[in-house]
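Data block below; observations after.
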């Protein structure tokens, strides 16, 4: 689905989310243009993962609206969901299916033409071709993370939402992931990367946002080295 | 093929493939059904009440309890590695998602019933030759209704801490109408009564199916979306 001219890939206005009397997001605004990589950092419990779930359409905001490619992301917005790829804390894979079967199933859900071929190609790109017929339960945490990344990218989303994508990856896999993020940015995708470790995404990010207690305390273009940003970051998070 | 049907079949196919590989729910439900039949067989006093009079109730209590075991798995499989999020994230209308889970559950419960029926004949020595087509028909009619309700309650229960306990608590009250109807039709079939005596109960079962399949399809989005 193409985005209208000048329309951000992803836009959120006045997002609030409460769990009972506990408010975890306070009036969050966000806009993501093609080719932008927004790194979202913050301490544990800041609301980053909740924000990502709302942006992915997995959770309804208490107030506010999310638009993807100019269309509202409501509960049954099946067509808009095609534009979103999510890497969450969990792999979203089934232990009783092989990796190839898992990804072929996802390809079917997204209406890809040749699901089995698409699955094999995605596993190949993730360096998991040799593991295609293995169950996710047999994989190490790092390999599972690579499989989850392959799953998130399989359908060619325009907006990629990544929650701690570098978790459990070894140095080679982390470099490979950074190169993939660069490539997706060059393809004019919009990326939101939630992380505790800014160093992992600093070079890839075009913007940096910091969330503390459900509020933005910073949303600015990335400039200069990370070392210059870190003192302010530590001050914001009270470290 | 319409998109919603294609997606529903893909989801049902995935569930069936996963179950065939693990055989967890299917085997548990079949063993459970056999145990229930054994207990009923030894608990009854054949001199007090004839097998034919008791058989319809025993058959349907067994089907209902075994279905509960099979239905528990419907969304438990989606809990591992947050797979339900993967389904909800995909461009799948919630109605198609419900349809897929319903189809898979019907396949599981239907298989359990197909295995249980011969065991029931064996234990209770009931001649089903003449009544078999009717029994299959009423089983299909009643099963669609309570599996439909069971599918949505399974989705609801899986988000709670005690999913395995919650499902029976939620589902059993809703199973009463189709179970009463099915027992009534089955007892008349076994007694060789004419179809006209069963029409009222069959209409009730059909109405239950239409109402609850429609309601559950419409309400599914409210159940699965946070």
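The values are calculated or read from the model by the stated rules, or taken from the named source; none is laboratory data. Fair warning: this is a prediction, and the values are worked out from it, not measured in the lab. A quick note on method: Cβ atoms are made from the backbone with ideal geometry, for glycine too, and the neighbour counts reach across all protein chains shown.
May I ask you to verify whether residue A:152 is within 14 Å of residue B:90 (Cβ to Cβ) and within 12 Å of chain B (Cβ to nearest Cβ)? Answer is yes for this residue. In the stretch A:37-88, the residue that is surrounded by the fewest Cβ atoms within 10 Å (Cβ to Cβ) out of those that are under 16 Å from residue A:9 (Cβ atoms) and over 17 Å from the mean Cα position of the chain (by Cα) is A:72. Any residue at all in the stretch A:149-172 that's modelled with pLDDT under 90 and assigned to a helix (DSSP H, G or I)? Yes, the stretch A:149-172 has at least one match. Only helices (runs of 4 or more DSSP H) whose full extent lies in the stretch A:1-117 are considered here, and the ones with at least 2 residues that are more than 9 Å from chain B (Cβ to nearest Cβ) are A:48-55, A:99-109.
Looking only at residues of the stretch B:56-68 that are buried (at least 24 other Cβ atoms within 10 Å of the Cβ) and free of Cβ contacts under 8 Å to residues at least 60 places away in the same chain, we find that the one that is farthest from the other protein chains (Cβ to nearest Cβ) is B:62. Go through the residues of the stretch B:81-89 one by one and say whether even a single one is within 20 Å of residue A:105 (Cα to Cα) and not in a helix (DSSP H, G or I). No: the stretch B:81-89 contains no residue that is within 20 Å of residue A:105 (Cα to Cα) and not in a helix (DSSP H, G or I).
Has the stretch B:111-134 got at least one residue that is more than 14 Å from chain A (Cβ to nearest Cβ), part of a helix (DSSP H, G or I) and closer than 17 Å to residue B:212 by Cβ?
No: zero hits.
Any residue that is under 25 Å from residue B:36 (Cβ atoms) and either at pLDDT below 95 or buried (at least 24 other Cβ atoms within 10 Å of the Cβ) (or both) - is there at least one of those in the stretch B:77-93?
Looking through the stretch B:77-93, at least one residue is under 25 Å from residue B:36 (Cβ atoms) and either at pLDDT below 95 or buried (at least 24 other Cβ atoms within 10 Å of the Cβ) (or both).
For the stretch B:22-29, check the following and say yes or no: at least one residue is away from chain A (no Cβ under 12 Å), at pLDDT 90 or above and either touching a strand residue (DSSP E or B) at 6+ places or on another chain (Cβ under 7 Å) or surrounded by fewer than 16 Cβ atoms within 10 Å (Cβ to Cβ) (or both). No, because not a single residue in the stretch B:22-29 is away from chain A (no Cβ under 12 Å), at pLDDT 90 or above and either touching a strand residue (DSSP E or B) at 6+ places or on another chain (Cβ under 7 Å) or surrounded by fewer than 16 Cβ atoms within 10 Å (Cβ to Cβ) (or both). There is no residue in the stretch B:145-162 that is modelled with pLDDT under 95, more than 19 Å from the chain's Cα centre (by Cα), in a helix (DSSP H, G or I) and buried (at least 16 other Cβ atoms within 10 Å of the Cβ). Scan the stretch A:54-80 for residues that are out of contact with any helix residue (DSSP H, G or I) (no Cβ under 8 Å at 6 or more places or on another chain) and at pLDDT 90 or above and jot them down. Within the stretch A:54-80, A:54, A:55, A:62, A:63, A:64, A:65, A:67 meet the criteria. Counting only residues that are crowded, with 17+ Cβ neighbours inside 10 Å and not in a loop (DSSP other than H, G, I, E, B), the stretch A:136-148 holds 7 of them. Inspect the stretch A:123-135 for any residue being touching a residue at least 40 places away in the same chain (Cβ under 8 Å), surrounded by fewer than 23 Cβ atoms within 10 Å (Cβ to Cβ) and within 14 Å of chain B (Cβ to nearest Cβ) and give the result as yes or no. Taking every residue of the stretch A:123-135 in turn, at least one turns out to be touching a residue at least 40 places away in the same chain (Cβ under 8 Å), surrounded by fewer than 23 Cβ atoms within 10 Å (Cβ to Cβ) and within 14 Å of chain B (Cβ to nearest Cβ). Looking at residue B:71, is it more than 14 Å from chain A (Cβ to nearest Cβ), surrounded by 21 or more Cβ atoms within 10 Å (Cβ to Cβ) and within 16 Å of the chain's Cα centre (by Cα)? Spelling it out, residue B:71 is indeed more than 14 Å from chain A (Cβ to nearest Cβ), surrounded by 21 or more Cβ atoms within 10 Å (Cβ to Cβ) and within 16 Å of the chain's Cα centre (by Cα).
For residue B:121, the conditions (1) crowded, with 21+ Cβ neighbours inside 10 Å; (2) over 19 Å from the mean Cα position of the chain (by Cα) are fulfilled apart from (1). One residue alone among B:223, B:213 is in contact with a helix residue (DSSP H, G or I) (Cβ under 7 Å, 6 or more places away or on another chain), within 14 Å of chain A (Cβ to nearest Cβ) and either surrounded by 15 or more Cβ atoms within 10 Å (Cβ to Cβ) or at pLDDT below 90 (or both), and that residue is B:223.
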